[in-house]
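Engineer: What follows is a single structure, and I will ask about it in a moment.
Quick note: the coordinates plus some simple rules give every number you see, no bench work behind them. Keep in mind the model is a prediction, meaning the values are calculated, not measured. When we count neighbours, we look across all protein chains shown, and the Cβ atoms used for this are built from the backbone with ideal geometry, even at glycine.
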Amino acid sequence: MTNVLSSEVREFATKEYQYGFVTDLDTDVIPKGLSEDIVRMISKKKNEPDWMLEWRLKAYRGWLTMKNPRWQNVEYAPIDYQDIIYYAAPKPKKVLASLDEVDPDVLAMFDKLGISLAEQGRLSGVAVDAIVDSVSVGTTFKAKLAEVGVIFCSFSEAVQNHPELVKKYLGTVVPRRDNFFAALNSAVFTDGSFCYIPKGVRCPMELSTYFRINTADTGQFERTLIIAEEGSYVSYLEGCTAPMRDTNQLHAAVVELVALDNAQIKYSTVQNWYPGDAQGRGGIYNFVTKRGKCAGVNSKISWTQVETGSAITWKYPGVILQGDNSVGEFYSVALTANHQQADTGTKMIHIGRNTRSTIVSKAISAGHGQNTYRGLVKILDSASGARNHTQCDSLLLGGDCGAHTFPYIEVKNSTAQVEHEAYTSKIGEDQLFYCRQRGISAEDAVSMIVNGFCREVFKELPMEFAVEAQKLLSVSLEGSVG
Amino acid sequence: MMLQIENLHASIGGNEILKGVNLEVRAGEVHAIMGPNGSGKSTLAQVLAGRENYEVSGRVLYEGKDLLALSPEDRAAAGVFLAFQYPVEIPGVGNLYFARTALNAVRRHNGLEPIDAMDFLALARERMRLVEMDESFMSRSVNEGFSGGEKKRNEIFQMAVLEPKLAILDETDSGLDIDALRVVAQGVNALRGEGRAMLVITHYQRLLDYIVPDVVHVFADGRIVRSGDKDLALELEEHGYAGIAAS
């Protein structure tokens with residue numbers, strides 16, 4: 001397969017963030033600020049049915065009663081929610097009959113990011129939904145996927161064309177008022193991807209969404225919903241980049257996954273939002289709620305994430321293990337360099353019998369980076385025979401960074417087994433010297449040691465994504481060895 | 001002359017450990033450096049390999065070049081190899097991958113094409129046989145979970161892959177049982193040759209039953225106090241370091 005973040009096109013030798021360019025697109029932007037009128041305006045722009053607007057308004061009214069959470073182990077100035085643009089969309093030159101008619105400037109932007117939206121291009125094994133600012137600008141391979149009954153489209157299209165599915169599942173995994181940012185997203189979400197894999201279908205290609213923030217001062221609030229019917233399988237990839245700016249931009253997404261009996265969803269993320277500069281100016285606030293529900297028996301949901309970008313990453317992709325014998329997995333590499341902060345981990349909620357979860361978290365801190373693992377393993381009294389294994393490891397490069405671990409374990413069933421392992425290590429001078437004595441440069445040695453540290457997670461990624469992730473880590477770490 | 005050390009001093013945290021070492025080693029020679037614990041033998045090895053924590057003065061010429069001016073990786077590329085007393089573990093990095101990365105780094109430095117994975121596999125198989133290492137060690141992480149003897153064999157394996165001109169073996173015999181010692185020595189002996197010099201640092205004479213040195217030096221209190229042929233090692237065995245240093 002090929003990937004959304006193609007490697008050949010890019011030169012990884014530069015130290016600077018390479019996706020920091022801005023494309024001059026003719027963009028439809030609404031005024032800054034948030035109110036019921038803005039929510040109505042977004043809904044109207046998207047030509048939504050009344051039930052969708054009602055759903056948004058309920059979320060908005062809920063959000064008004066909620067407070068910005070401050071319990072996470074990150075620091076940032078208060079966000080002024082009236083100073084954000086909630087809707088920005090590249091103006092389509094006309095109604096698109098096919099992908100060939102996508103604005104050439106948009107296509108050029110994605111080409112520059114290494115993603116070909118041309119179906120004849122190299123991306124023969126991956127279907128891509130490309131999202132710029134608030135809207136989806138194109139989805140590849142829709143027709144081919146439709147042959148096997150797979151629906152893969154933008155969220156907006158799903159609301160129009162598959163309202164029964166959206167109504168049935170939207171908010172069932174992440175309720176409107178789940179948390180402050182999920183409520184905000186529910187009120188103002190503008191687009192996202194929608195996937196539906198019918199009963200017994202093994203999705204013939206990787207599905208992926210590529211998120212791009214382009215316009216200044218906008219927030220990106222997208223929503224992804226993936227439904228895997230009985231006995232189906234899908235592997236889904238997600239990549240993200242944004243221009244370099246001195247101000248912070250908010251990305252508050254919600255992702256919901258539903259796996260029914262014997263279904264399996266594999267969700268991989270390589271997150272490379274602009275991290276801010278070396279002094280800590282600018283960068284994306286990546287405040288995301290991701291959750292999957294193993295609703296059916298023997299179902300399985302795996303989250304694999306490689307988080308190298310963003311000024312602040314705050315997310316806990318979790319799994320609700322409702323079906324008996326269902327399996328939840330979380331594999332994470334989070335890297336914080338310069339002044340980046342990350343508070344990330346997972347939530348595994350065991351409800352069904354003999355449910356199993358595995359958590360492997362690898363945190364790397366360099367420069368002044370602060371990296372926190374926060375994980376909840378909750379075993380309800382119904383979850384007889386439940387098992388969890390958690391391993392969270394931290395690697396420190398240099399003396400100004402930090403690693404923190406906050407495991408929360410709640411066990412209400414005496415037959416459950418929960419294991420937690422954690423260790424912190426430094427890239428020792430001994431390791432570095434050993435490599436250098438063998439002729440390997442310090443920079444290559446650090447990259448090799450870090451990649452070795454992450455190997456357990458990288459092997460869970462689709463192959464080309466894994467290659468990409470390794471390169472991304474090397475680039476993010478350049479200059480970390482002094 | 002392959003290696004010329006003149007009045008080499010090294011200290012760490014104000015504590016002088018090497019106090020004027022003088023030594024000359026020709027290509028093809030094997031020199032043993034023997035001495036009690038804490039005499040500075042390992043420091044000498046580390047300083048020659050380029051460990052940066054030491055304050056160093058004096059002169060070291062390697063093939064006529066100023067060795068002390070080179071970074072550790074440049075020394076390695078120039079053919080200096082240190083078999084570590086305590087080889088480090090590198091979790092998640094495959095042993096074979098590590099050896100190939102090292103070889104290719106050295107080759108690149110010397111203007112040679114990198115060796116591809118298939119050719120390297122053949123080379124590695126052959127060199128592993130030298131030290132009777134099982135092929136299962138190829139895919140294991142570098143030194144992770146290796147026994148003491150396995151780590152030492154792995155050092156000699158890496159040496160055999162890199163084919164250095166100057167090999168420094170720092171207490172390669174420590175912690176080895178007699179069988180492992182024989183295997184390691186057999187690997188070392190296979191690499192003895194015209195163009196290659198070796199500095200074998202050891203505390204005990206027994207290694208020298210297997211690796212017979214051309215010259216033996218006695219190291220005490222940060223310098224070489226006596227040099228002689230292989231019989232000096234036997235004399236040491238009989239009289240102990242105290243007896244030799246006093247004589």
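Engineer: Counting partner chain Cβ atoms within 10 Å of every residue's Cβ in A:424-437, what's the average?
Structural biologist: For peptide A:424-437, the averaged partner shielding equals 6.
Engineer: With bins 10 Å wide starting at 0, give me the P(r) of region A:27-477 over every alpha carbon pair, in whole percents.
Structural biologist: Values per bin, smallest distances first: 4, 21, 32, 28, 12, 2, 0.
Engineer: Between A:Tyr81 and B:Val212, what is the spin-label point distance in nm, taking each point 7 Å from the Cα along the Cα→C-beta axis?
Structural biologist: Spacing of the two 7 Å Cα→Cβ label points: 8.6 nm.
Engineer: Summarise the partner chain shielding of A:449-455 as one whole number: the mean count of Cβ atoms from other chains within 10 Å of each residue's Cβ.
Structural biologist: 4
Engineer: Could you pull out every one of the lysines with an alpha carbon less than 22 Å from that of B:Lys152, ignoring same-chain neighbours closer than 8 positions?
Structural biologist: Answer for B:Lys152, where 22 Å is the Cα cut-off: B:Lys41, B:Lys165, listed by chain and number.
Engineer: Let me ask something else. Work out Dmax and Rg for chain B from the C-alpha atoms and quote the Rg first, both in angstrom.
Structural biologist: Final numbers for Rg and Dmax: 17.7, 56 Å.
Engineer: Could you work out the local net charge near A:Thr224, counting Lys and Arg as +1, Asp and Glu as -1, over the other residues with Cβ closer than 10 Å to its Cβ?
Structural biologist: Net of charged neighbours comes to -3.
Engineer: Mind sorting B:Arg226, A:Arg70 by how few other Cβ atoms lie within 10 Å of their own Cβ, fewest first?
Structural biologist: Least to most surrounded, the residues fall as A:Arg70, B:Arg226.
Engineer: Say R0 is 25 Å: what FRET efficiency, to the nearest 0.05, do A:Glu419 and B:Ser147 get from their beta-carbon distance?
Structural biologist: 0.40
Engineer: Further question on the same structure: Any aspartates and glutamates with Cα under 16 Å of the A:Lys199 Cα? List them, leaving off those in the same chain fewer than 8 positions away.
Structural biologist: The reachable aspartates and glutamates, counting only those whose Cα sits under 16 Å from A:Lys199, are A:Glu147, A:Glu229, A:Glu230, A:Asp261.
Engineer: Around B:Pro72, what is the net charge, scoring Lys/Arg as +1 and Asp/Glu as -1 over all other residues with Cβ under 12 Å from its Cβ?
Structural biologist: Net local charge, B:Pro72 excluded: 0.
Engineer: To continue, here is another question. With each pseudo-label sitting 7 Å past Cα toward Cβ, what's the B:Arg140-B:Arg59 distance in nm, one decimal?
Structural biologist: 4.6 nm
Engineer: Right, something else. If r is the Cβ-Cβ distance from B:His239 to B:Tyr86 and R0 is 22 Å, what FRET efficiency results, to the nearest 0.05?
Structural biologist: 0.15
Engineer: Straight-line reach from B:Lys19: which aspartates and glutamates fall under 15 Å, measuring Cα to Cα and dropping same-chain residues less than 8 apart?
Structural biologist: Hits, sequence-local ones excluded: B:Glu6, B:Glu55, B:Asp221.
Engineer: Let me ask something additional. Report, in listed order, any pair from A:Lys266/A:Lys471; A:Lys426/B:Lys151; A:Lys32/A:Lys266; A:Lys32/A:Lys362 with a Cα-Cα distance greater than 30 Å.
Structural biologist: Beyond 30 Å: A:Lys32/A:Lys266; A:Lys32/A:Lys362.
Engineer: How much FRET efficiency would the formula 1/(1 + (r/R0)^6) give for B:Asp179 and A:Ile409, where r is the Cβ-Cβ distance and R0 is 45 Å, rounded to 0.05?
Structural biologist: E between B:Asp179 and A:Ile409, to the nearest 0.05, is 0.45.
Engineer: Roughly how many nanometres apart are two label points built 7 Å out from the Cα toward the Cβ at A:Lys471 and A:Ala278?
Structural biologist: 2.4 nm
Engineer: Within 10 Å, Cβ to Cβ, of B:Ala10, how many net charges do the neighbouring residues add up to if Lys/Arg are +1 and Asp/Glu are -1?
Structural biologist: In short, 0.
Engineer: Oh, and also: DSSP loop (so not H, G, I, E, B), at most 11 other Cβ within 10 Å: list which GluC sites (Glu not before Pro) in region B:147-247 pass both filters.
Structural biologist: Answer in residue order: B:Glu194.
Engineer: Fewest first, what order do A:Cys454, A:Cys435, A:Cys203, A:Cys294 take by the number of other Cβ atoms within 10 Å?
Structural biologist: Taking fewest neighbouring Cβ atoms as first place, the list is A:Cys203, A:Cys454, A:Cys435, A:Cys294.
Engineer: Now, a different point. Could you line up A:Thr346, A:Thr372, A:Thr27 from fewest to most neighbouring Cβ atoms inside 10 Å?
Structural biologist: Going from sparsest to densest Cβ surroundings: A:Thr27, A:Thr372, A:Thr346.
Engineer: Given A:Lys167/A:Lys378; A:Lys46/A:Lys67; A:Lys300/A:Lys347, which pairs have Cα atoms separated by over 18 Å?
Structural biologist: Pairs exceeding 18 Å: A:Lys167/A:Lys378; A:Lys46/A:Lys67.
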